[in-house]
Amino acid sequence: MKALKRLPLNVRLNDRPDHELVGVIRMPELTVSPMRSIVKRVIGALLALLATVLIVYADRGGYRDVNGDGVSFLDAIYYSTVSLSTTGYGDIAPASATARLVNIVVITPLRVLFLIVLVGTTLEVLTERSRQAFKIQKWRTKVRDHTVVVGFGTKGRSAVNALLGDEEVQPSRIVVVDTDQQALDAASALGLVTVHGSATRADVLRVAGVQHARAVVVAPNRDDTAVLVTLTARELAPKSHIVASVREAENVHLLKQSGASQVVVSSETAGRLLGLATSTPLVVDMVEDLLTPESGLAIAERAVEPSEEGGSPRHLPDIVLGVVRDGVLYRVDAPQSDAIEPGDRLLYVKKVTQVDKVER
């Protein structure tokens with residue numbers, strides 16, 4: 001026990017077996033209404049009772065009734081009921097060797113099943129933990145190229161909405177890390193995988209699979225937390241694309257030095273929109289339209305078609321905003337964008353139709 005206490009923090013959580021991570025990692029699942037669960041249990045209990053009644057009645061000659069008038073179908077129902085409920089008044093009892101063997105091999109397991117169905121809340125909790133542990137184990141061995149979102153506040157939720165709305169991303173490919181259980185419950189309701197813990201700890205990020213992540217979105221409420229999370233994430237995932245959000249522009253260089261691929265200044269961006277809204281409110285409406293992928297216009301990226309190579313992006317039917325070449329973005333008015341080259345990608349304005357939303 002003393003040796004365990006001396007272990008560094010960055011191995012405690014990640015080195016635990018999968019069944020101990022139930023409650024830390026929460027896998028998305030379909031919810032079942034309480035009434036439906038109760039109905040399923042009652043049906044299961046009735047089926048067990050019916051099977052017992054048929055077995056007893058089929059071998060009614062092997063049972064002895066204290067009245068000595070034989071075992072009727074009603075007696076079979078009565079015996080099955082008191083037997084499965086473990087009441088056992090003893091007025092009807094198996095007398096033949098066959099009846100007693102059937103009671104041992106068949107009716108006793110049915111009695112256990114009957115009790116499990118009716119008093120199954122505790123067992124259901126244990127079963128749920130086992131299912132969660134199995135799903136966690138399966139997920140941890142297979143998760144690759146996913147997106148980790150640190151913080152599920154206003155910025156984190158907006159980032160997730162953009163991921164789900166603008167890209168063909170399945171909710172199960174997004175992992176949310178937060179310390180607020182209410183935020184995690186909201187993320188789980190969207191079908192996202194959630195991890196409860198502080199993303200400033202390396203073991204929590206390892207549990208979220210950040211070392212295998214395609215991208216990491218750092219959106220906590222404090223700039224100093226964002227710096228520490230970015231440092232930890234970059235150390236664990238040197239090849240991942242890390243996007244961080246900060247409130248103050250003076251902290252941008254800290255995020256860059258910490259390893260952030262891109263930094264978004266939330267306060268300055270909001271301030272610019274507020275300033276534009278006072279003089280040119282329609283410009284703000286257009287920006288909001290471009291940033292909202294669910295409807296209207298949206299900024300998208302696509303590969304260059306062979307027929308477009310060698311031509312100018314200004315002459316394409318799409319409204320092209322920039323050309324991505326070897327990972328570098330060139331604006332459409334830059335000299336490098338005069339001619340489209342093989343392997344380029346285009347940033348363009350896409351019209352989101354009702355069909356696109358239905359497909360998502």
Meets criteria (surrounded by 12 or more Cβ atoms within 10 Å (Cβ to Cβ), out of contact with any strand residue (DSSP E or B) (no Cβ under 8 Å at 6 or more places or on another chain) and modelled with pLDDT under 65) for residue 59: no
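Kindly indicate whether any position in region 250-257 is closer than 23 Å to residue 179 by Cα, crowded, with 17+ Cβ neighbours inside 10 Å, modelled with pLDDT of 90 or more and touching a strand residue (DSSP E or B) at 6+ places or on another chain (Cβ under 8 Å).
Step one: list which residues in region 250-257 are closer than 23 Å to residue 179 by Cα, which gives 255.
With crowded, with 17+ Cβ neighbours inside 10 Å added as a condition, the list becomes 255.
Pick out the ones that are also modelled with pLDDT of 90 or more and you get 255.
So of that shortlist, the ones also touching a strand residue (DSSP E or B) at 6+ places or on another chain (Cβ under 8 Å) come out as 255.
There is at least one residue in region 250-257 that is closer than 23 Å to residue 179 by Cα, crowded, with 17+ Cβ neighbours inside 10 Å, modelled with pLDDT of 90 or more and touching a strand residue (DSSP E or B) at 6+ places or on another chain (Cβ under 8 Å).
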Enumeration of residues in region 174-216 that are under 17 Å from residue 234 (Cβ atoms), in a helix (DSSP H, G or I) and out of contact with any helix residue (DSSP H, G or I) (no Cβ under 6 Å at 6 or more places or on another chain): 204, 206, 212
Residues satisfying the stated conditions in region 283-310, i.e. modelled with pLDDT of 85 or more, part of a helix (DSSP H, G or I) and surrounded by fewer than 14 Cβ atoms within 10 Å (Cβ to Cβ): 306, 307
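Which residues, counting only those in region 327-350, are among the basic types (Lys, Arg) and free of Cβ contacts under 8 Å to residues at least 24 places away in the same chain? Before the answer, list the steps.
Taking region 327-350 and keeping what is among the basic types (Lys, Arg), we get 331, 345, 350.
Matches in region 327-350: 331 only.
A quick yes/no check of all residues on (1) touching a Pro at 6+ places or on another chain (Cβ under 9 Å); (2) touching a residue at least 24 places away in the same chain (Cβ under 8 Å):
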position	(1), (2)
276	no, no
301	no, yes
313	no, yes
323	yes, yes
Test: residue in region 161-171 that is assigned to a helix (DSSP H, G or I), modelled with pLDDT of 75 or more and touching a Ser or Thr at 6+ places or on another chain (Cβ under 7 Å): yes
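For the subset of region 319-329 comprising residues that are of a type outside the set (A, V, I, L, M) and modelled with pLDDT of 90 or more, which member is farthest from residue 287 (Cα to Cα)? Write out each step before concluding.
Quick first cut of region 319-329, residues of a type outside the set (A, V, I, L, M) only: 322, 325-327.
With the extra rule that they be modelled with pLDDT of 90 or more, the set shrinks to 322, 325.
Numbers: 322: 17, 325: 25 Å.
Filtering region 319-329 for residues that are of a type outside the set (A, V, I, L, M) and modelled with pLDDT of 90 or more, the one farthest from residue 287 (Cα to Cα) comes out as 325.
The values are calculated or read from the model by the stated rules, or taken from the named source; none is laboratory data. Given the structure is predicted, the values throughout are model-derived calculations rather than measurements. FYI the Cβ positions are ideal-geometry reconstructions off the backbone, even for glycines, and counts take in every protein chain you see.
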